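Each remark here refers to the structure printed beneath this line.
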Amino acid sequence: MMKKWIAVTAALMILLAGCSSKETKTDKDAAEQHKEKEVEDVVKEAEKLPYQFPLTGIGTKEEPAGRAIAVVVNNHPKARPQSGLNEADLIYEVLAEGEVTRLVAIYQSEHPEKVGPIRSAREYFIDMALGYDSFFVAHGYSPEAKEMLDRGDIDNINGIQYDGSLFKRASFRKAPHNSYITYENMIKGAEKRNYDMNAAPDSAAFLSKEEFDGLEGAAAKDIMVSYGTPAFDLIYEYDAEAGKYHRFSGNEETADLDSKEPVLIDNLLVVQMDHKIVDSAGRRDVDLESGGTGYLFQKGKVNEIQWKNEAGRIVPYKDGEKAGFVPGKTWINIVPSISDVSFDSEQ
(Lines give C-alpha, C1' and ligand atoms only; values in the text may rest on other atoms or scores of the structure.)
Protein backbone atom coordinates (compact mmCIF):
# COMPACT_ATOMS: atom_id res chain seq x y z
CA MET A 1 0.00 0.00 0.00
CA MET A 2 1.25 3.49 -0.84
CA LYS A 3 -0.42 6.51 0.73
CA LYS A 4 -0.48 9.81 -1.11
CA TRP A 5 -1.16 12.92 0.99
CA ILE A 6 -2.73 15.85 -0.84
CA ALA A 7 -3.34 19.33 0.58
CA VAL A 8 -5.08 22.45 -0.74
CA THR A 9 -6.24 25.65 0.96
CA ALA A 10 -9.92 25.84 1.89
CA ALA A 11 -12.31 25.57 4.83
CA LEU A 12 -11.33 23.04 7.51
CA MET A 13 -11.43 19.42 6.47
CA ILE A 14 -9.96 16.24 7.91
CA LEU A 15 -8.70 13.25 5.97
CA LEU A 16 -10.77 10.12 6.17
CA ALA A 17 -9.31 6.83 5.02
CA GLY A 18 -10.64 3.31 4.90
CA CYS A 19 -8.79 0.06 5.40
CA SER A 20 -5.83 -0.98 3.27
CA SER A 21 -6.59 -2.82 0.09
CA LYS A 22 -4.17 -5.51 1.30
CA GLU A 23 -6.39 -6.41 4.21
CA THR A 24 -8.68 -9.33 3.62
CA LYS A 25 -12.30 -9.28 4.65
CA THR A 26 -11.49 -11.91 7.29
CA ASP A 27 -8.70 -9.76 8.72
CA LYS A 28 -11.01 -6.76 8.92
CA ASP A 29 -13.84 -8.75 10.46
CA ALA A 30 -11.52 -10.20 13.10
CA ALA A 31 -10.12 -6.77 13.96
CA GLU A 32 -13.61 -5.30 14.20
CA GLN A 33 -14.81 -8.14 16.45
CA HIS A 34 -11.77 -7.73 18.70
CA LYS A 35 -12.35 -3.97 18.89
CA GLU A 36 -16.04 -4.39 19.69
CA LYS A 37 -15.30 -6.91 22.45
CA GLU A 38 -12.67 -4.63 23.99
CA VAL A 39 -15.05 -1.67 23.94
CA GLU A 40 -17.77 -3.79 25.49
CA ASP A 41 -15.38 -5.01 28.20
CA VAL A 42 -14.40 -1.41 29.08
CA VAL A 43 -18.01 -0.32 29.31
CA LYS A 44 -19.07 -3.38 31.33
CA GLU A 45 -16.19 -2.85 33.75
CA ALA A 46 -17.13 0.81 34.17
CA GLU A 47 -20.77 -0.11 34.78
CA LYS A 48 -19.82 -2.71 37.42
CA LEU A 49 -17.80 -0.21 39.44
CA PRO A 50 -19.73 2.28 41.59
CA TYR A 51 -17.92 5.44 40.42
CA GLN A 52 -16.30 6.93 37.31
CA PHE A 53 -13.45 9.36 36.94
CA PRO A 54 -15.07 12.63 35.82
CA LEU A 55 -12.80 13.41 32.85
CA THR A 56 -12.25 9.88 31.49
CA GLY A 57 -15.42 7.99 32.43
CA ILE A 58 -13.24 5.05 33.52
CA GLY A 59 -14.71 3.07 36.41
CA THR A 60 -13.18 3.23 39.88
CA LYS A 61 -13.94 1.59 43.24
CA GLU A 62 -13.68 4.79 45.25
CA GLU A 63 -15.40 8.12 44.76
CA PRO A 64 -13.01 10.29 42.71
CA ALA A 65 -11.45 13.14 44.64
CA GLY A 66 -8.81 15.67 43.81
CA ARG A 67 -8.88 18.88 41.88
CA ALA A 68 -7.97 18.94 38.19
CA ILE A 69 -4.54 20.39 37.39
CA ALA A 70 -4.00 22.14 34.03
CA VAL A 71 -0.39 22.41 32.85
CA VAL A 72 0.88 24.38 29.84
CA VAL A 73 3.25 22.03 28.01
CA ASN A 74 5.81 23.10 25.42
CA ASN A 75 5.27 21.52 21.98
CA HIS A 76 8.24 22.98 20.11
CA PRO A 77 10.28 20.29 18.31
CA LYS A 78 13.17 21.05 20.69
CA ALA A 79 10.88 20.14 23.61
CA ARG A 80 9.88 16.72 22.26
CA PRO A 81 9.39 14.07 23.44
CA GLN A 82 7.61 15.51 26.44
CA SER A 83 7.04 14.00 29.88
CA GLY A 84 3.65 13.13 31.35
CA LEU A 85 1.35 13.59 28.35
CA ASN A 86 0.41 9.90 28.36
CA GLU A 87 -1.14 10.33 31.83
CA ALA A 88 -3.30 13.36 31.04
CA ASP A 89 -7.07 12.84 31.01
CA LEU A 90 -7.60 15.58 28.44
CA ILE A 91 -5.27 17.66 26.26
CA TYR A 92 -6.03 20.82 24.30
CA GLU A 93 -3.73 21.73 21.42
CA VAL A 94 -3.88 25.28 20.07
CA LEU A 95 -1.71 27.81 18.27
CA ALA A 96 0.37 30.34 20.17
CA GLU A 97 2.54 32.76 18.14
CA GLY A 98 3.39 31.93 14.57
CA GLU A 99 2.52 28.39 13.55
CA VAL A 100 3.69 26.93 16.86
CA THR A 101 1.20 24.98 18.97
CA ARG A 102 1.17 24.55 22.73
CA LEU A 103 -0.65 22.03 24.87
CA VAL A 104 -2.87 22.43 27.91
CA ALA A 105 -2.76 19.03 29.62
CA ILE A 106 -5.40 18.41 32.29
CA TYR A 107 -4.77 15.79 34.97
CA GLN A 108 -7.20 14.31 37.49
CA SER A 109 -7.40 10.52 37.38
CA GLU A 110 -3.63 10.00 37.15
CA HIS A 111 -0.72 11.72 38.88
CA PRO A 112 2.37 11.87 36.65
CA GLU A 113 5.77 11.80 38.29
CA LYS A 114 6.75 14.88 36.29
CA VAL A 115 5.40 17.05 33.47
CA GLY A 116 7.22 19.17 30.95
CA PRO A 117 8.80 21.04 29.47
CA ILE A 118 6.51 23.75 30.88
CA ARG A 119 5.83 26.87 28.83
CA SER A 120 4.18 30.25 29.28
CA ALA A 121 0.50 31.08 29.60
CA ARG A 122 -1.86 32.81 27.20
CA GLU A 123 -5.24 34.15 28.22
CA TYR A 124 -7.14 31.49 26.25
CA PHE A 125 -5.09 28.75 27.96
CA ILE A 126 -6.40 30.10 31.26
CA ASP A 127 -9.96 30.13 29.90
CA MET A 128 -9.61 26.45 28.94
CA ALA A 129 -8.36 25.56 32.42
CA LEU A 130 -11.18 27.47 34.11
CA GLY A 131 -13.73 25.16 32.47
CA TYR A 132 -12.51 22.37 34.74
CA ASP A 133 -11.97 24.54 37.85
CA SER A 134 -8.31 23.63 37.43
CA PHE A 135 -5.26 24.58 39.41
CA PHE A 136 -3.16 26.21 36.66
CA VAL A 137 0.58 25.62 36.14
CA ALA A 138 2.72 27.53 33.62
CA HIS A 139 6.18 29.08 33.29
CA GLY A 140 5.83 32.64 32.05
CA TYR A 141 2.91 34.58 30.58
CA SER A 142 1.81 37.07 27.96
CA PRO A 143 0.87 40.55 29.24
CA GLU A 144 -2.85 39.69 29.04
CA ALA A 145 -2.36 36.37 30.82
CA LYS A 146 -0.31 38.08 33.55
CA GLU A 147 -3.20 40.48 34.17
CA MET A 148 -5.56 37.53 34.62
CA LEU A 149 -3.17 35.76 36.98
CA ASP A 150 -2.46 38.94 38.99
CA ARG A 151 -6.23 39.49 39.37
CA GLY A 152 -6.60 36.01 40.79
CA ASP A 153 -8.87 34.79 37.97
CA ILE A 154 -7.51 31.27 38.52
CA ASP A 155 -5.55 29.54 41.29
CA ASN A 156 -2.04 29.07 39.94
CA ILE A 157 1.69 28.79 40.37
CA ASN A 158 4.17 30.05 37.78
CA GLY A 159 7.79 29.27 37.04
CA ILE A 160 8.63 32.98 36.96
CA GLN A 161 8.20 33.03 40.73
CA TYR A 162 9.39 29.48 41.46
CA ASP A 163 12.17 28.84 38.94
CA GLY A 164 14.80 26.65 40.62
CA SER A 165 12.54 25.71 43.52
CA LEU A 166 9.23 24.13 42.47
CA PHE A 167 10.26 24.23 38.80
CA LYS A 168 13.55 22.56 37.85
CA ARG A 169 15.71 23.06 34.76
CA ALA A 170 16.81 19.91 32.91
CA SER A 171 20.48 19.85 31.87
CA PHE A 172 19.86 17.93 28.63
CA ARG A 173 17.81 20.75 27.05
CA LYS A 174 18.29 24.49 26.68
CA ALA A 175 15.92 27.22 27.87
CA PRO A 176 13.10 27.87 27.20
CA HIS A 177 12.65 24.16 26.50
CA ASN A 178 13.90 22.73 29.80
CA SER A 179 11.51 23.68 32.63
CA TYR A 180 9.91 20.72 34.45
CA ILE A 181 7.74 20.21 37.50
CA THR A 182 6.88 17.11 39.48
CA TYR A 183 3.37 16.28 40.65
CA GLU A 184 4.67 16.48 44.21
CA ASN A 185 5.86 20.06 43.62
CA MET A 186 2.53 21.04 42.05
CA ILE A 187 0.82 19.98 45.27
CA LYS A 188 3.47 21.75 47.36
CA GLY A 189 2.87 24.90 45.32
CA ALA A 190 -0.87 24.72 45.91
CA GLU A 191 -0.25 24.29 49.64
CA LYS A 192 2.07 27.31 49.66
CA ARG A 193 -0.76 29.38 48.20
CA ASN A 194 -3.41 27.82 50.48
CA TYR A 195 -5.51 26.51 47.58
CA ASP A 196 -8.13 23.83 48.13
CA MET A 197 -7.20 20.78 46.03
CA ASN A 198 -9.90 18.36 47.18
CA ALA A 199 -12.92 18.91 44.94
CA ALA A 200 -13.13 16.86 41.72
CA PRO A 201 -14.42 18.59 38.57
CA ASP A 202 -17.89 18.01 37.17
CA SER A 203 -18.14 14.97 34.96
CA ALA A 204 -18.10 15.09 31.17
CA ALA A 205 -20.78 13.18 29.23
CA PHE A 206 -19.81 9.58 28.36
CA LEU A 207 -21.42 6.92 26.22
CA SER A 208 -23.31 4.04 27.81
CA LYS A 209 -23.04 0.45 26.60
CA GLU A 210 -26.22 0.88 24.55
CA GLU A 211 -24.78 4.00 22.93
CA PHE A 212 -21.53 2.14 22.22
CA ASP A 213 -23.47 -0.59 20.47
CA GLY A 214 -25.19 2.00 18.29
CA LEU A 215 -22.15 4.17 17.55
CA GLU A 216 -22.32 5.24 13.91
CA GLY A 217 -20.16 7.29 11.59
CA ALA A 218 -18.05 7.23 8.46
CA ALA A 219 -14.81 5.20 8.52
CA ALA A 220 -11.88 7.28 9.78
CA LYS A 221 -8.76 5.18 10.14
CA ASP A 222 -6.14 7.83 9.28
CA ILE A 223 -6.46 11.54 9.99
CA MET A 224 -4.29 14.53 9.15
CA VAL A 225 -4.62 17.89 10.92
CA SER A 226 -2.57 20.76 9.51
CA TYR A 227 -1.36 23.81 11.45
CA GLY A 228 0.49 25.20 8.44
CA THR A 229 4.02 23.88 8.95
CA PRO A 230 5.39 20.32 8.81
CA ALA A 231 6.81 20.44 12.35
CA PHE A 232 3.30 20.89 13.74
CA ASP A 233 1.20 18.97 11.24
CA LEU A 234 -0.34 15.88 12.79
CA ILE A 235 -1.24 12.38 11.70
CA TYR A 236 -3.50 10.16 13.78
CA GLU A 237 -3.56 6.45 12.98
CA TYR A 238 -6.28 4.16 14.25
CA ASP A 239 -5.23 0.95 16.01
CA ALA A 240 -8.21 -1.38 15.54
CA GLU A 241 -6.85 -3.95 17.99
CA ALA A 242 -6.54 -1.40 20.80
CA GLY A 243 -9.53 0.68 19.68
CA LYS A 244 -7.46 3.85 20.05
CA TYR A 245 -5.64 6.46 17.96
CA HIS A 246 -1.86 6.94 17.90
CA ARG A 247 -0.60 10.50 17.38
CA PHE A 248 2.35 11.47 15.18
CA SER A 249 3.92 14.94 15.04
CA GLY A 250 6.85 15.82 12.80
CA ASN A 251 6.88 12.16 11.70
CA GLU A 252 7.53 10.99 15.28
CA GLU A 253 5.00 9.18 17.44
CA THR A 254 3.99 11.13 20.53
CA ALA A 255 5.31 9.14 23.49
CA ASP A 256 6.59 9.72 27.00
CA LEU A 257 10.26 10.74 27.24
CA ASP A 258 11.10 8.35 30.06
CA SER A 259 8.76 5.36 29.80
CA LYS A 260 8.47 5.51 25.98
CA GLU A 261 4.77 4.77 26.49
CA PRO A 262 2.77 6.19 23.55
CA VAL A 263 -0.06 8.65 23.97
CA LEU A 264 -3.22 6.70 23.06
CA ILE A 265 -6.40 8.61 22.33
CA ASP A 266 -10.00 7.41 22.64
CA ASN A 267 -11.68 10.65 21.57
CA LEU A 268 -10.16 13.03 19.04
CA LEU A 269 -12.13 16.26 18.73
CA VAL A 270 -11.06 18.73 16.01
CA VAL A 271 -12.85 22.08 16.18
CA GLN A 272 -12.79 25.25 14.08
CA MET A 273 -12.39 28.58 15.85
CA ASP A 274 -11.73 32.10 14.61
CA HIS A 275 -8.15 33.22 15.27
CA LYS A 276 -6.95 36.82 15.18
CA ILE A 277 -3.44 38.28 15.52
CA VAL A 278 -3.59 40.96 18.22
CA ASP A 279 -0.06 42.37 18.61
CA SER A 280 3.30 42.83 16.91
CA ALA A 281 4.65 39.69 18.59
CA GLY A 282 2.06 37.62 16.74
CA ARG A 283 0.01 36.73 19.80
CA ARG A 284 -3.51 35.58 19.06
CA ASP A 285 -7.04 35.93 20.21
CA VAL A 286 -8.92 32.64 19.83
CA ASP A 287 -12.71 32.74 19.90
CA LEU A 288 -13.62 30.03 22.42
CA GLU A 289 -17.16 31.32 22.86
CA SER A 290 -19.07 31.49 19.58
CA GLY A 291 -19.37 27.82 18.68
CA GLY A 292 -18.80 26.30 15.27
CA THR A 293 -18.12 23.14 13.33
CA GLY A 294 -15.79 20.25 13.93
CA TYR A 295 -15.25 16.50 13.79
CA LEU A 296 -15.38 13.86 16.50
CA PHE A 297 -13.33 10.70 15.90
CA GLN A 298 -14.05 7.61 18.00
CA LYS A 299 -13.31 3.92 17.43
CA GLY A 300 -12.28 4.40 13.82
CA LYS A 301 -15.39 6.42 12.96
CA VAL A 302 -16.05 10.12 12.49
CA ASN A 303 -19.05 12.38 12.86
CA GLU A 304 -19.33 16.03 11.91
CA ILE A 305 -20.38 18.00 14.98
CA GLN A 306 -21.19 21.46 16.19
CA TRP A 307 -19.28 22.61 19.23
CA LYS A 308 -20.55 24.82 22.02
CA ASN A 309 -18.85 26.46 24.97
CA GLU A 310 -20.63 25.22 28.09
CA ALA A 311 -19.29 26.64 31.35
CA GLY A 312 -15.86 27.02 29.76
CA ARG A 313 -15.67 23.56 28.18
CA ILE A 314 -15.72 22.74 24.48
CA VAL A 315 -18.63 20.32 24.09
CA PRO A 316 -19.59 18.49 20.86
CA TYR A 317 -23.20 18.25 19.64
CA LYS A 318 -24.60 16.06 16.88
CA ASP A 319 -28.09 16.60 15.46
CA GLY A 320 -28.85 18.94 18.35
CA GLU A 321 -27.92 16.38 21.02
CA LYS A 322 -24.80 16.29 23.16
CA ALA A 323 -22.32 13.78 21.69
CA GLY A 324 -20.92 11.64 24.50
CA PHE A 325 -17.28 10.66 24.78
CA VAL A 326 -15.93 7.12 24.74
CA PRO A 327 -14.53 6.30 28.21
CA GLY A 328 -10.82 7.04 28.06
CA LYS A 329 -8.46 9.83 27.02
CA THR A 330 -9.45 12.86 24.92
CA TRP A 331 -7.37 15.15 22.68
CA ILE A 332 -8.87 18.41 21.37
CA ASN A 333 -7.24 20.10 18.38
CA ILE A 334 -8.32 23.73 18.00
CA VAL A 335 -7.65 24.91 14.44
CA PRO A 336 -8.27 28.18 12.59
CA SER A 337 -11.52 28.46 10.64
CA ILE A 338 -9.55 28.41 7.38
CA SER A 339 -7.05 25.55 7.23
CA ASP A 340 -5.52 23.14 4.76
CA VAL A 341 -7.82 20.50 3.33
CA SER A 342 -5.98 17.20 3.70
CA PHE A 343 -7.02 13.72 2.72
CA ASP A 344 -5.50 10.35 2.15
CA SER A 345 -5.62 8.74 -1.27
CA GLU A 346 -5.15 4.95 -1.12
CA GLN A 347 -3.37 3.45 -4.10
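The values are calculated or read from the model by the stated rules, or taken from the named source; none is laboratory data. Fair warning: this is a prediction, and the values are worked out from it, not measured in the lab. Reconstructed Cβ throughout: ideal geometry from the backbone, glycine too, with neighbour counts over all protein chains shown. Note: areas computed on protein heavy atoms with side chains; ligands, DNA, RNA excluded. Shrake-Rupley method; radii C 1.70, N 1.55, O 1.52, S 1.80 Å.
Does residue 96 satisfy the condition of being in contact with a Phe, Trp or Tyr (Cβ under 9 Å, 6 or more places away or on another chain) and either over 22 Å from residue 256 (Cβ atoms) or free of Cβ contacts under 8 Å to residues at least 12 places away in the same chain (or both)? Before you say what the answer is, go through the steps one by one.
Numbers: in contact with a Phe, Trp or Tyr (Cβ under 9 Å, 6 or more places away or on another chain): yes; either over 22 Å from residue 256 (Cβ atoms) or free of Cβ contacts under 8 Å to residues at least 12 places away in the same chain (or both): yes.
The answer is yes for residue 96.
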ask   = Does residue 317 satisfy being closer than 10 Å to residue 270 by Cβ and either open to solvent by 40 Å² or more (accessible area, probe 1.4 Å) or not basic (Lys, Arg) (or both)?
value = no
inquiry  = Being touching a strand residue (DSSP E or B) at 6+ places or on another chain (Cβ under 8 Å), of a type in the set (A, V, I, L, M) and surrounded by fewer than 18 Cβ atoms within 10 Å (Cβ to Cβ) is the requirement here; does residue 129 meet it?
reply    = no
message = I'd like to check something: does the range 264-275 contain any residue that is among the aliphatic types (A, V, I, L, M), over 17 Å from residue 221 (Cβ atoms), open to solvent by 30 Å² or more (accessible area, probe 1.4 Å) and modelled with pLDDT under 95?
response = no
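Which count do you get for residues in the range 91-101 that are open to solvent by 10 Å² or more (accessible area, probe 1.4 Å) and under 12 Å from the mean Cα position of the chain (by Cα)? Even if it seems obvious, please write down each step before you answer.
Quick first cut of the range 91-101, residues open to solvent by 10 Å² or more (accessible area, probe 1.4 Å) only: 97-100.
Next, from what is left, pick out any that are under 12 Å from the mean Cα position of the chain (by Cα): none.
Of the residues in that region, 0 qualify.
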message = Suppose we keep only residues that are in contact with a strand residue (DSSP E or B) (Cβ under 9 Å, 6 or more places away or on another chain) and of a type in the set (D, E, K, R) within the range 203-243. Which one would you say is most open to solvent (accessible area, probe 1.4 Å)?
response = 216
key: Residue list for the range 57-78, filter: over 18 Å from residue 198 (Cα atoms) and either in a loop (DSSP other than H, G, I, E, B) or in contact with a strand residue (DSSP E or B) (Cβ under 6 Å, 6 or more places away or on another chain) (or both)   = 57, 58, 59, 72, 73, 75, 76
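Of everything in the range 108-124 that's of a type in the set (Gly, Ala, Ser) and assigned to a loop (DSSP other than H, G, I, E, B), which residue is nearest to residue 166 (Cα to Cα)?
Checked the range 108-124; the qualifying residue nearest to residue 166 (Cα to Cα) is 120.
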remark   = Within the range 299-312, residues part of a strand (DSSP E or B) and surrounded by fewer than 19 Cβ atoms within 10 Å (Cβ to Cβ) come out as 301, 303, 304, 306, 308, 309, 310
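Here is a check on your reading of the model: is residue 333 assigned to a strand (DSSP E or B), open to solvent by 20 Å² or more (accessible area, probe 1.4 Å) and in contact (Cβ under 8 Å) with a residue 40 or more places away in the chain?
Working: assigned to a strand (DSSP E or B): yes; open to solvent by 20 Å² or more (accessible area, probe 1.4 Å): no; in contact (Cβ under 8 Å) with a residue 40 or more places away in the chain: yes.
Criteria not met by residue 333.
Test residue 140 against the criterion of being open to solvent by less than 10 Å² (accessible area, probe 1.4 Å), at positive phi and within 23 Å of the chain's Cα centre (by Cα), and give yes or no. Before you say what the answer is, go through the steps one by one.
On the way: open to solvent by less than 10 Å² (accessible area, probe 1.4 Å): yes; at positive phi: yes; within 23 Å of the chain's Cα centre (by Cα): yes.
Judged against the criteria, residue 140 is a match.
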request  = Please specify each residue of the range 179-202 satisfying the condition of being open to solvent by less than 50 Å² (accessible area, probe 1.4 Å), in contact (Cβ under 8 Å) with a residue 24 or more places away in the chain and of a type in the set (A, V, I, L, M, F, W, C).
outcome  = 181, 186, 190, 197, 200
query = Hey, residue 49 hits all of (1) touching a Lys or Arg at 6+ places or on another chain (Cβ under 7 Å); (2) of a type in the set (A, V, I, L, M, F, W, C); (3) surrounded by 22 or more Cβ atoms within 10 Å (Cβ to Cβ) but one; which does it fall short on?
reply = (3)
